[in-house]
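The values are calculated or read from the model by the stated rules, or taken from the named source; none is laboratory data. No experiment lies behind these values; they were computed from the predicted model shown. Every residue, glycine among them, receives a Cβ derived from its backbone with ideal geometry; neighbour counts consider all protein chains shown.
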Amino acid sequence: MTNAAVQVEGQQPSLHIHLHEALASGVSHAKGQQHPITLYLVVWGWLFVLSTCSYLVDYFGLHGYLRWSLILLFMVLKAGLIVAVFMHMAWERLALAYAILLPPVLVLVFVAIMVFESDYTHLIRVISFGSPT
Amino acid sequence: MAETALTDTVASTTRPAGLRGIAADWSSDQRAFKNVSWGKAMMWIFLLSDTFIFSCFLLSYMTARMSTTVPWPNPSEVFALTIGDKKIPLILIAIMTFVLISSSGTMAMAVNFGYRRDRAKTAALMLATAAFGATFVGMQAFEWTKLIMEGVRPWGNPWGAAQFGSSFFMITGFHGTHVTIGVIFLIAIARKVWRGDFDVERRGFFTSRKGYYEIVEITGLYWHFVDLVWVFIFAFFYLW
């Protein structure tokens, strides 16, 4: 290992320096996440548009599955833009992205459990107190 | 010794793409997040745990709303405001949403200018973010006051299911607390940026560690998360 390093140093000093620079930026994040300002402005604009859309769903009083699917669609798009661009998850290593983004997906299992649970509670309440809605 | 450790880090940052790369990063006794500093990794892990807390709140709200036999109050009417002589549904919440999104935009730009070592712009944008956040909390205080005056309590309200009040105060209260802490966090870091702490690598009074401009990005992560949680609260509590 040491021999290899020495050889690299002897043959290509520029490569060695380059590696050290890459290391320094990796450890201390001197360069960090650098992206053009226009990207942020475009995402910002889209967030405004999507928020307006989701507000209009309520303003026009849409109902039923159309309302719920539109709310979920705009919500997921907004959340995705914020996490991917503003929180820079799109440029992070996959190991970090998966470690952070996969566990919340498992909450959906919890959601399913509680849907069954609340259906059951509702049924018992209707049977016992007799005031269905 | 130190050289070996460094070489190892270089070798280990080049991995195959996709799932094989993830497995290689996670397997054996080593540092899992190769090019991510401990500060950023810990903020992400904290945010993950916070995600679970807010998930539990929204889940308990869902359970209460699905299992009650009493009609749920219509948020569109509850949060309507009369401006002029027109009653506009949910308008205050819409304005709060736009305020928070604006603050996310200024925060993203602050991170960018931070890495360009532009002290004045970074501090100014962080303070603008904090101002938007304070505005948001102020509007939330107004909303709480209005609802309490109208008779909403954690144990009941004039329009329907009693759980409406407890869900509302719990979820928005916890989110408002997060925003308030974020504002304090932003002001503290903005002060350090303005003073040039990260240019001279001055040591923190509490941790005695050198600060870097990366703390602006870490603060930003927290702030964007607060905005992210609001996206879900807005969708599930106010619009559903």
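In the set (1) outside any loop (DSSP other than H, G, I, E, B); (2) among the charged types (D, E, K, R); (3) modelled with pLDDT under 90; (4) out of contact with any strand residue (DSSP E or B) (no Cβ under 9 Å at 6 or more places or on another chain), B:Lys121 fails one condition alone, (3).
Here is a yes/no grid of residues against (1) modelled with pLDDT of 95 or more; (2) over 18 Å from B:Pro73 (Cβ atoms):
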residue	(1), (2)
B:Lys86	no, yes
B:Ala108	no, yes
B:Arg116	no, yes
B:Ala130	yes, yes
B:Gly133	yes, yes
B:Ala141	yes, yes
B:Val152	no, no
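Restricting B:Val183, B:Val137 to those that are within 12 Å of the chain's Cα centre (by Cα) and away from chain A (no Cβ under 14 Å) reduces the list to B:Val183.
Okay, residues lined up against (1) under 20 Å from A:Leu96 (Cα atoms); (2) assigned to a helix (DSSP H, G or I); (3) at the interface with chain A (Cβ under 7 Å from one of its Cβ atoms):
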{"site": "B:Leu19", "(1), (2), (3)": "yes, yes, no"}
{"site": "B:Asn35", "(1), (2), (3)": "yes, no, yes"}
{"site": "B:Asp50", "(1), (2), (3)": "yes, yes, no"}
{"site": "B:Phe54", "(1), (2), (3)": "no, yes, no"}
{"site": "B:Arg65", "(1), (2), (3)": "no, yes, no"}
{"site": "B:Glu77", "(1), (2), (3)": "no, yes, no"}
{"site": "B:Thr97", "(1), (2), (3)": "no, yes, yes"}
{"site": "B:Ser102", "(1), (2), (3)": "no, yes, no"}
{"site": "B:Gly114", "(1), (2), (3)": "no, yes, no"}
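Can you spot a residue in the range A:64-74 that is exposed (fewer than 13 other Cβ atoms within 10 Å of the Cβ), modelled with pLDDT under 90 and not β-branched (Val, Ile, Thr)?
First pass over the range A:64-74, keeping only residues exposed (fewer than 13 other Cβ atoms within 10 Å of the Cβ): A:64-66, A:69.
Still in the running and modelled with pLDDT under 90: A:64.
From what is left, the residues that are not β-branched (Val, Ile, Thr) are A:64.
Among the residues of the range A:64-74, at least one is exposed (fewer than 13 other Cβ atoms within 10 Å of the Cβ), modelled with pLDDT under 90 and not β-branched (Val, Ile, Thr), which makes the answer yes.
With respect to the conditions (1) at the interface with chain B (Cβ under 9 Å from one of its Cβ atoms); (2) modelled with pLDDT of 50 or more; (3) loosely packed, with under 13 Cβ neighbours inside 10 Å; (4) more than 25 Å from the chain's Cα centre (by Cα), A:Met1 lacks only one, and its number is (2).
Please determine, by comparing only the residues of the range B:65-87 that are among the basic types (Lys, Arg) and over 30 Å from A:Ser128 (Cα atoms), which one is farthest from the chain's Cα centre (by Cα). Walk me through it before giving the result.
Restricting attention to the range B:65-87, the residues satisfying the condition of being among the basic types (Lys, Arg) are B:65, B:86-87.
Going one step further and asking which of them are over 30 Å from A:Ser128 (Cα atoms), we end up with B:86-87.
Details: B:Lys86: 33, B:Lys87: 31 Å.
So the residue we want is B:Lys86.
Being within 21 Å of B:Phe164 (Cα to Cα) and hydroxyl-bearing (Ser, Thr, Tyr), is that true of even one residue in the range B:30-45?
At the first step, the residues of the range B:30-45 found to be within 21 Å of B:Phe164 (Cα to Cα) are none.
Scanning the range B:30-45 turns up no residue that is within 21 Å of B:Phe164 (Cα to Cα) and hydroxyl-bearing (Ser, Thr, Tyr).
Take the residues in the range B:138-158 that are buried (at least 18 other Cβ atoms within 10 Å of the Cβ) and touching a Gly at 6+ places or on another chain (Cβ under 9 Å), then tell me which one is nearest to A:Ile37 (Cα to Cα).
Just the residues of the range B:138-158 that are buried (at least 18 other Cβ atoms within 10 Å of the Cβ), to begin with: B:140, B:143, B:147, B:152, B:157.
Add one more test, that the residue is touching a Gly at 6+ places or on another chain (Cβ under 9 Å), and what stays is B:140, B:147, B:152, B:157.
Working: B:Gln140: 31, B:Leu147: 40, B:Val152: 44, B:Asn157: 47 Å.
The selected residue is B:Gln140.
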